[in-house]
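Peer 1: Take this structure first; my questions come after.
The values are calculated or read from the model by the stated rules, or taken from the named source; none is laboratory data. Since the structure is predicted, the reported quantities are computational estimates derived from the model, not experimental observations. Cβ coordinates were reconstructed from backbone atoms using ideal geometry, including for glycine residues, and neighbour counts include every protein chain displayed. With ligands, DNA and RNA removed, areas are computed over all heavy atoms of the protein, side chains included. Shrake-Rupley method; radii C 1.70, N 1.55, O 1.52, S 1.80 Å.
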Amino acid sequence: MSQVNAELNSAYKTILNVIGGIEPRIAEATRQELADQRASLKLIASENYASLPVLATMGTWFSDKYAEGTVGHRFYAGCQNVDTVESVAAEHARNLFGAEYAYVQPHSGIDANLVAYWAILANRIESPALEQLGAKTVNDLTEQDWETLRKTFGEQRVMGMALDAGGHLTHGFRHNISGKMFHQRSYGTDPETGLIDYDKLRRDAKEFKPLILIAGYSAYPRRVNFATMREIADEVGAVLMVDMAHFAGLVAGKIFQGDENPIAHADVVTTTTHKSLRGPRGGMVLSTKEFAADIDRGCPMVLGGPLSHMMAAKAVALAEAQTADFQTYAQNVADNAQSLAEGFLKRGGKLVTGGTDNHLVLLDVTTFGLTGRQAESALLDAGVVTNRNSIPQDPNGAWYTSGVRLGTPALTTRGFTGEDFDRVAELIVDVLENTTPVTASTGKPGKAKYTLADGVADRTKQAANELLNNHPLYPGLEL
Ligand code: DSN
């Protein structure tokens, strides 16, 4: 992470002092959050550290402006500067990803997916349905017509990756609105290899005939062949939607190319902007021209007024992501994940799929006799921040789980090398080997409680500090 200029560092100090004069607890929590982030090994695969210019861009008066609508077509007066912000962010998104169309308003990943679902429904169903109902626009529809339309929409099907195979809640999981909107069938992974079985997926898709085939994941440690997904979608007449939230940085950095580049193959691509892409918290939808008009109806169909300060920060982050430095960063993220995986494998760790070729690894902690929850908590006690995660066919269910997911985007931003990640694997194995599950009162092995052997937390924190001090976070920033 490069040194940010001294003026920005001193501006942050001043701002925190001013905030402290109004609500000291918030100023203190903000200072403490930076101290905590600086002092821990952040391995949550979906987190990163945005640059200070990106963070600073979020804190401006664009926050105060309403701008529902789209560029040049707003429901409020005085949006000329918001128009500039949204146009610049969309232009950067199109250029960076080579997309025909970019919509930068979504506030989060789930918002982006909802906008995409609505746009696909509208594009593929609404027009013919309207015609059938003798209506020109949705405004002409009667209550009865809406009932008919609701039934038509309600009969639609999506096919996405199963949650325990690494898929995401918003891809049709029953406790998410996507699972209420659509009939869903999930595709899993091969029980032996842990990899997506494209032949089975094809057979299932032919039987289920989804309107939308969703590719993308939040805990699958491998690349996806989007060219094959496209073929399958075409064979069954589905729209191909890719949720690249986790790996957008690897697409932006040209690590995923050819068959692995979602933009080249999908109709609609959604993403968040704050994970491997290293921007502000938020979402985006990219698409072919065919879906642009329907995606533009995201606000007010799904979204409230756009967060213009966040769109501005997206523009800054997307400009950063077009630099050679970002390409190097993305390559390092992938290389470091390899080093982390090898670090576990050579110390007897078991990884779902046997390794990684993206930015994350999924460590099966049953070999240490632990649940994911025990492993996550013991690691946190030792200053290692991870998250527990289901593994395929997880015997411990989605709450306790049997895995820990670890990603390289954040620590790579700090400048961690492959050697550092090997040391991180060593520290994690040491913690897990020294963690003992506590038997539950029923006499059965407990799923939540554990003990960590004396001295392990301290020696891990000390070793982690050495690594962290070699790669300071926001060097020069003192609050
Ligand atoms: N919460 C994100 C993650 O951790 O993967 C996905 O929404």
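Peer 1: Out of the residues in the range 279-314 that are part of a helix (DSSP H, G or I) and open to solvent by less than 10 Å² (accessible area, probe 1.4 Å), which is nearest to Gln80 (Cα to Cα)? Reasoning before the result, please.
Peer 2: Keep residues of the range 279-314 that are part of a helix (DSSP H, G or I), which gives 289-295, 298-301, 308-314.
Within this subset, residues satisfying the condition of being open to solvent by less than 10 Å² (accessible area, probe 1.4 Å) are 291, 295, 298-299, 308, 311, 313-314.
On the way: Phe291: 25, Ile295: 21, Gly298: 20, Cys299: 18, Ser308: 12, Met311: 14, Ala313: 17, Lys314: 18 Å.
Once the filter is applied, the top-ranked residue is Ser308.
Peer 1: Has the range 223-242 got any residue that is among the hydrophobic types (A, V, I, L, M, F, W, C) and modelled with pLDDT under 95? Before you say what the answer is, go through the steps one by one.
Peer 2: So in the range 223-242, the residues among the hydrophobic types (A, V, I, L, M, F, W, C) come out as 224, 226-227, 229, 232-233, 236, 238-242.
Next cut, modelled with pLDDT under 95 only: none.
There is no residue in the range 223-242 that is among the hydrophobic types (A, V, I, L, M, F, W, C) and modelled with pLDDT under 95.
Peer 1: Being small (Gly, Ala, Ser) and under 22 Å from Ala457 (Cα atoms) is the filter here; which residues of the range 364-409 pass it?
Peer 2: Passing the criteria: Gly369, Gly372, Ala375, Ser377, Ala378, Ala382, Gly383, Ser402, Gly403, Gly407.
Peer 1: Does the range 57-70 include one or more residues that are away from the ligand (no atom under 16 Å from the Cβ), open to solvent by less than 60 Å² (accessible area, probe 1.4 Å) and within 22 Å of the chain's Cα centre (by Cα)? It would help to see each step written out before you state the result.
Peer 2: Of the range 57-70, the ones away from the ligand (no atom under 16 Å from the Cβ) are 57-70.
Next cut, open to solvent by less than 60 Å² (accessible area, probe 1.4 Å) only: 57-58, 60, 62, 67-70.
Applying the additional criterion that residues be within 22 Å of the chain's Cα centre (by Cα) yields 57-58.
Yes, the range 57-70 has at least one match.
Peer 1: Filter the range 147-175 for residues that are assigned to a loop (DSSP other than H, G, I, E, B) and touching a residue at least 24 places away in the same chain (Cβ under 8 Å); which is farthest from the ligand (Cβ to nearest atom)?
Peer 2: So the first thing to find is which residues in the range 147-175 are assigned to a loop (DSSP other than H, G, I, E, B), and the list is 155-156, 162, 166-168, 172-175.
Going one step further and asking which of them are touching a residue at least 24 places away in the same chain (Cβ under 8 Å), we end up with 155-156, 162, 166-168, 172.
Details: Glu155: 28, Gln156: 23, Ala162: 15, Gly166: 10, Gly167: 11, His168: 6, Gly172: 14 Å.
If we take residues in the range 147-175 being assigned to a loop (DSSP other than H, G, I, E, B) and touching a residue at least 24 places away in the same chain (Cβ under 8 Å), then Glu155 is farthest from the ligand (Cβ to nearest atom).
Peer 1: Any residue at all in the range 204-214 that is at positive phi and open to solvent by 20 Å² or more (accessible area, probe 1.4 Å)?
Peer 2: Going through the range 204-214, the residues at positive phi turn out to be 209.
The next check asks that each one be open to solvent by 20 Å² or more (accessible area, probe 1.4 Å); those that pass are 209.
Among the residues of the range 204-214, at least one is at positive phi and open to solvent by 20 Å² or more (accessible area, probe 1.4 Å), which makes the answer yes.
Peer 1: Shifting gears a bit: Any chance you could count how many residues in the range 233-267 are more than 16 Å from the ligand (Cβ to nearest atom), under 19 Å from Ala334 (Cα atoms), in a helix (DSSP H, G or I) and of a type outside the set (A, V, I, L, M)?
Peer 2: Qualifying residue count for the region: 4.
Peer 1: Check every one of the strands (runs of 3 or more DSSP E) wholly within the range 361-470 and list those with 1 or more residues that are at pLDDT below 95 and away from the ligand (no atom under 16 Å from the Cβ).
Peer 2: Working: elements: 387-389, 403-407, 435-439, 445-452.
In the range 361-470, 435-439, 445-452 are the strands (runs of 3 or more DSSP E) which contain 1 or more residues that are at pLDDT below 95 and away from the ligand (no atom under 16 Å from the Cβ).
Peer 1: Checking the condition in contact with a His (Cβ under 6 Å, 6 or more places away or on another chain) and at negative phi, which residue from Ala264, Ala319, Ala293, Ala233 passes? Working first, answer last.
Peer 2: Values: Ala264 fails: in contact with a His (Cβ under 6 Å, 6 or more places away or on another chain); Ala293 fails: in contact with a His (Cβ under 6 Å, 6 or more places away or on another chain); Ala233 fails: in contact with a His (Cβ under 6 Å, 6 or more places away or on another chain).
Answer to the selection: Ala319.
Peer 1: Continuing with the same structure: Do you know which residues across the range 177-203 are among the hydrophobic types (A, V, I, L, M, F, W, C) and crowded, with 22+ Cβ neighbours inside 10 Å?
Peer 2: Going through the range 177-203, the residues among the hydrophobic types (A, V, I, L, M, F, W, C) turn out to be 177, 181-182, 195-196, 201.
Hits for the range 177-203 are Phe182, Ile196.
Peer 1: If you don't mind, another one. Please give the number of the condition Ser218 fails out of (1) touching a helix residue (DSSP H, G or I) at 6+ places or on another chain (Cβ under 8 Å); (2) among the polar types (S, T, N, Q); (3) within 16 Å of the ligand (Cβ to nearest atom).
Peer 2: Status for Ser218: all satisfied but (1).
Peer 1: Take the range 334-380 and flag every residue that is touching a Leu at 6+ places or on another chain (Cβ under 8 Å) and open to solvent by 50 Å² or more (accessible area, probe 1.4 Å).
Peer 2: Leu345, Lys350 - these are the residues of the range 334-380 that are touching a Leu at 6+ places or on another chain (Cβ under 8 Å) and open to solvent by 50 Å² or more (accessible area, probe 1.4 Å).
Peer 1: Now, a different point. Do you know which of the residues in the range 25-48 that are out of contact with any Leu (no Cβ under 8 Å at 6 or more places or on another chain) and open to solvent by 50 Å² or more (accessible area, probe 1.4 Å) is nearest to the ligand (Cβ to nearest atom)?
Peer 2: Only one residue tops the list, namely Glu47.
Peer 1: I would also like to ask the following. Within the range 71-79, is even one residue of a type in the set (Ser, Thr, Tyr), at pLDDT below 95, open to solvent by 60 Å² or more (accessible area, probe 1.4 Å) and away from the ligand (no atom under 16 Å from the Cβ)?
Peer 2: Keep residues of the range 71-79 that are of a type in the set (Ser, Thr, Tyr), which gives 76.
Restricting the remaining residues to those that are at pLDDT below 95 gives none.
Checking the range 71-79: not a single residue is of a type in the set (Ser, Thr, Tyr), at pLDDT below 95, open to solvent by 60 Å² or more (accessible area, probe 1.4 Å) and away from the ligand (no atom under 16 Å from the Cβ).
Peer 1: Val54 fails exactly one of the following numbered conditions: (1) at pLDDT 95 or above; (2) touching a Lys or Arg at 6+ places or on another chain (Cβ under 9 Å); (3) open to solvent by 60 Å² or more (accessible area, probe 1.4 Å). What is the number of that condition?
Peer 2: (3)
Peer 1: Scan the range 176-196 residue by residue and report those that are away from the ligand (no atom under 16 Å from the Cβ), at negative phi and outside any strand (DSSP E or B).
Peer 2: If we filter the range 176-196 for residues that are away from the ligand (no atom under 16 Å from the Cβ), which is where we start, we get 180-196.
Checking which are at negative phi leaves us with 180-193, 195-196.
Residues satisfying the conditions are Lys180, Met181, Phe182, Gly188, Asp190, Pro191, Glu192, Thr193, Leu195.
Peer 1: Can you find, within the range 74-129, the residue that is nearest to Pro262 (Cα to Cα) among those that are touching a strand residue (DSSP E or B) at 6+ places or on another chain (Cβ under 7 Å) and of a type in the set (Lys, Arg)?
Peer 2: Among those that are touching a strand residue (DSSP E or B) at 6+ places or on another chain (Cβ under 7 Å) and of a type in the set (Lys, Arg), it is Arg94.
Peer 1: Does at least one position in the range 315-323 carry a residue that is open to solvent by 50 Å² or more (accessible area, probe 1.4 Å) and without any contact (Cβ under 8 Å) to a residue 60 or more places away in the chain?
Peer 2: yes
Peer 1: Within the range 400-410, is even one residue surrounded by fewer than 23 Cβ atoms within 10 Å (Cβ to Cβ), in contact (Cβ under 8 Å) with a residue 12 or more places away in the chain and either within 27 Å of Thr189 (Cβ to Cβ) or among the aromatic types (Phe, Trp, Tyr) (or both)? Show your work before the answer.
Peer 2: We begin by selecting, within the range 400-410, every residue surrounded by fewer than 23 Cβ atoms within 10 Å (Cβ to Cβ); these are 400.
From what's left, in contact (Cβ under 8 Å) with a residue 12 or more places away in the chain: 400.
With the extra rule that they be either within 27 Å of Thr189 (Cβ to Cβ) or among the aromatic types (Phe, Trp, Tyr) (or both), the set shrinks to 400.
Yes, some residue in the range 400-410 is surrounded by fewer than 23 Cβ atoms within 10 Å (Cβ to Cβ), in contact (Cβ under 8 Å) with a residue 12 or more places away in the chain and either within 27 Å of Thr189 (Cβ to Cβ) or among the aromatic types (Phe, Trp, Tyr) (or both).
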